[in-house]
1. Give, as residue ranges, the strands (runs of 3 or more DSSP E) completely inside region 24-108 that count at least 2 residues that are touching a residue at least 40 places away in the same chain (Cβ under 8 Å).
2. So, in region 355-405, exactly how many residues are assigned to a loop (DSSP other than H, G, I, E, B), at pLDDT below 75 and of a type outside the set (Ser, Thr, Tyr)?
3. Looking only at region 45-66, count every residue that is touching a strand residue (DSSP E or B) at 6+ places or on another chain (Cβ under 9 Å) and of a type outside the set (A, V, I, L, M) and tell me the total.
4. Any idea which of THR308, THR303 is without any contact (Cβ under 8 Å) to a residue 60 or more places away in the chain, outside any helix (DSSP H, G or I) and either hydroxyl-bearing (Ser, Thr, Tyr) or crowded, with 19+ Cβ neighbours inside 10 Å (or both)?
5. Filter region 101-141 down to residues that are more than 30 Å from TYR80 (Cβ to Cβ) and β-branched (Val, Ile, Thr) and give me whichever is farthest from the chain's Cα centre (by Cα).
6. Could you list all residues from region 109-120 that are among the aliphatic types (A, V, I, L, M) and part of a strand (DSSP E or B)?
7. Please go through region 19-60 and pick out each residue that is surrounded by 13 or more Cβ atoms within 10 Å (Cβ to Cβ), of a type in the set (S, T, N, Q) and at pLDDT 85 or above.
8. For region 138-170, which residues satisfy the criterion of being at pLDDT 80 or above, surrounded by 18 or more Cβ atoms within 10 Å (Cβ to Cβ) and outside any loop (DSSP other than H, G, I, E, B)?
Amino acid sequence: MAAYIDVITGFLESGKTSFIKEIIDKNSLMEYDKTVLLVCEEGFTDYEKELLTNHRIELIIVNDESDLNHQLFQRIKREYSPDYIMIEFNGTWDINALFSIKTPFNYSFRNVIFVSDATKFTEYLKNMASIIQPHILNSDIVAVNRHEQLSKKQKKYLQLDIKNINRKTEIIYAGESSEINMIEKYFAPFEKHIKISKGIIAFTILFACTAILPDFMLIKLYENLQSTATIFLSILIEAIPFILLGAFISSIIQIFIPSGWIMKKMSGQRFSSFLAASLAGIFMPICDCGTVPIVLGLLKKGTPLPQTLIFWLASSAVNPVVLMTVYYAFPDKPYLVFLRMYAGILIALVTGLILSISKIETKDVINHNNTGPKIGSDILDLKYEGKIGKLEAVVKGARLEFFRVMKYLIIGAFLSSFLQTVLSQTLKNLLSTNLSLQFLIMIAASIFMSTCSTSNAFIGRSFLKNISIMPVMSFIVLGPMLDFKNMLMLSETIKKKYLLLFALIVSLLGYLLFYTITLLL
């Protein structure tokens, strides 16, 4: 007999037992023929015998974490043959170990609900991040108890803390209508709440639309889809090695480089710190995509915003590999190499000075309470000490950073590949002798085409037949700074309104600089 397994987890006295009893009281489990309830709280239980009997529930107490194993599930199947299992899981145990248990082939984990006391959540997250985060990361729902005294602002911050760890989890508050709907939706037999996904509906509509298209349009659609897929894969193949390298560098920065040392080197209003930040990219000859995890790692260390953004914006301008590609893309115009470098540094420095004058600080632009995205030995659950432990920390930290950024890269790469396919056709119709329009077109292309900094010089050269050299250089210089997929990755940590502000400042500065150079030539 098939059996679904739901896990209710949370710290002791978080309200798990009350939550489960509420589910039972609402007769949500009555449609199951036989239910087994595993309670993992050192023998403590508060379930009335009559309640369990009336709902055909068998109670099993698990006092030791090692007892929750393959043999236990085999015994449950053999003695009870349940069609539903609920686990009241101990919030201090390793939840990942639970999911690694080999269960009978027809048993499957379905829902994970993390129950939390609103009055203690922030304190637990601050002091026991390594324990609480894995439970939230694996949760489908976070059920919040004892929230009545929270203000709207406190609720908002609590939700941000949770979403900062797991953006996909659903947050409900005990006693509200959303909780009742959740119980009906998630705890009834699977057949009761199965729904056709939006993706299936969208695919069916799309298929129906394409079925009525004439042959010549289908051929054109196929060519566009093929082009989009090719560009999408090329963006991923180009970016992934650099993202991985950047993730390792970011991990090393966050774990091993003291915040005080970074602050000393990058803080202050001295112009020398700005200049040092603009030239730091010389020592990191990686793609602009790989710079994103490094920038996020620096911001999480609390480094000053102006210097950090100067490093981000100027890194590709002083990157030796990037400068070399400009030289080979324009062998008849070697002066463009120096223009590429000086223009990038100048835009970065002026942007940093504007932010410094505006008094915008790192804490202002970082998403509230960035406890979730930070990495360190306190949340990496290290098994080793000494040199091996340090190596383990770097690898685990890099893995955390890599997969955190990759989801944004995939979304950005898909959108960019689609836009490149559309833009390549649309640009031909927009080209004109109007210089301002050419700049606007090239700046827009630098944002949405999301070309790699190590290859955009060659793409820029292809526009020379229709566009003047300075608008093309604005595309090459501003591309890594305004790259749409990079912006998506940065939005994981930086507030979107500030990203938009930075993009507007950089776009305006780039336009003014290259337009002025055009007038002087």
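1. Working: elements: 35-39, 57-61, 84-88.
Where strands (runs of 3 or more DSSP E) fall fully within region 24-108 and carry at least 2 residues being touching a residue at least 40 places away in the same chain (Cβ under 8 Å), they are 35-39, 84-88.
2. Looking only at region 355-405, we keep the residues that are assigned to a loop (DSSP other than H, G, I, E, B), and these are 359-361, 367-385.
Those still in the list that are at pLDDT below 75 too: 367-385.
Subset that is of a type outside the set (Ser, Thr, Tyr): 367-370, 372-376, 378-383, 385.
Going through region 355-405 one residue at a time, the tally reaches 16.
3. Within region 45-66, residues that are touching a strand residue (DSSP E or B) at 6+ places or on another chain (Cβ under 9 Å) and of a type outside the set (A, V, I, L, M) number 6.
4. Of THR308, THR303, the one residue that is without any contact (Cβ under 8 Å) to a residue 60 or more places away in the chain, outside any helix (DSSP H, G or I) and either hydroxyl-bearing (Ser, Thr, Tyr) or crowded, with 19+ Cβ neighbours inside 10 Å (or both) is THR303.
5. If we take residues in region 101-141 being more than 30 Å from TYR80 (Cβ to Cβ) and β-branched (Val, Ile, Thr), then THR119 is farthest from the chain's Cα centre (by Cα).
6. Listed by number, the residues that qualify are VAL112, ILE113, VAL115.
7. Selection gives THR35 alone.
8. Those that are at pLDDT 80 or above, surrounded by 18 or more Cβ atoms within 10 Å (Cβ to Cβ) and outside any loop (DSSP other than H, G, I, E, B): ILE141, VAL142, ALA143, VAL144, ASN145, LEU158, ASP161, ILE162, ILE165.
The values are calculated or read from the model by the stated rules, or taken from the named source; none is laboratory data. Since this is a predicted model, take the numbers as computed values, not measurements. Note that we place each Cβ from the backbone using ideal geometry, even for glycine, and neighbour counts take in every protein chain shown.
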